[in-house]
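These notes concern the structure reproduced below.
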Amino acid sequence: MDLWLSAVLALLALVALGVAIYLIVRYLSRPRAPKAAPPPPEDPNDITLKEGVGLDEGTLTGVEIDIPRPKPRARLRFTTRGVANDVLLDQPVTNIGRGVGNQIDIGDTMVSRRHAKVVLEEDGEYWIEDCQSANHTFVNGTAIERQKLSRDDKIRVGETFLTFVRDGGGSAPLAG
């Protein structure tokens, strides 16, 4: 009888251990939202006076005013790990890939660690470049190495689709 009771207790302990391992694995593999850096605050009315220019009784002297041009603004909209994302493309280069070190972290095993990058050129145009990824980067269904982006272009990296949206161009903001 004691042997039978010991066997039943041992079996129950193994079942409990199996359940605990299952719960731990499930917890560690749960979807997580990607981390995107918050955009820096901008003041579109900021005026920078050049050296040698000053104010004299409310009047500008030397009259050289460097009025900054408004920065081009565009976004990438996509869903990864079940979370909708709306990422502002306000940096000269925005890296797209799987894992840390990318401004856009795509939780897709078909995406390379450093898959592609969006480049904001000085003329205000956005380009996407494939970073020699294993599964290529596609724009509107065509594999690309480097391509200029246009409003509502559909970008595919791995099995994830992203939409290029120019701000002020008719598409409604993403809810949430």
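The values are calculated or read from the model by the stated rules, or taken from the named source; none is laboratory data. From a predicted model like this one, the values you see are computed outputs, not experimental measurements. Quick reminder, even Gly has a Cβ in these numbers, built from the backbone with ideal geometry, and neighbours come from all protein chains shown. Please note that ligands, DNA and RNA were not included when accessible areas were found on the heavy atoms of the full protein model with its side chains. Shrake-Rupley method; radii C 1.70, N 1.55, O 1.52, S 1.80 Å.
Data table
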| item | result |
| --- | --- |
| Scan of the range 94-132 for residues that are over 24 Å from Arg73 (Cβ atoms) and either touching a helix residue (DSSP H, G or I) at 6+ places or on another chain (Cβ under 7 Å) or among the basic types (Lys, Arg) (or both), ordered by number | Arg98, Arg113, Arg114 |
| Selection count, the range 112-121, where residues are in contact (Cβ under 8 Å) with a residue 12 or more places away in the chain, open to solvent by 50 Å² or more (accessible area, probe 1.4 Å) and assigned to a loop (DSSP other than H, G, I, E, B) | 2 |
| Residue satisfying all of: in the range 54-104; open to solvent by 60 Å² or more (accessible area, probe 1.4 Å), polar (S, T, N, Q) and modelled with pLDDT of 65 or more; farthest from Thr137 (Cα to Cα) among these | Gln91 |
| Which numbered condition Lys148 fails, given (1) under 14 Å from Phe164 (Cβ atoms); (2) open to solvent by less than 60 Å² (accessible area, probe 1.4 Å); (3) not aromatic (Phe, Trp, Tyr) | (2) |
| Residue among Gly107, Gly170, Gly124 that is closer than 19 Å to Pro31 by Cβ and either in a loop (DSSP other than H, G, I, E, B) or at pLDDT 95 or above (or both) | Gly107 |
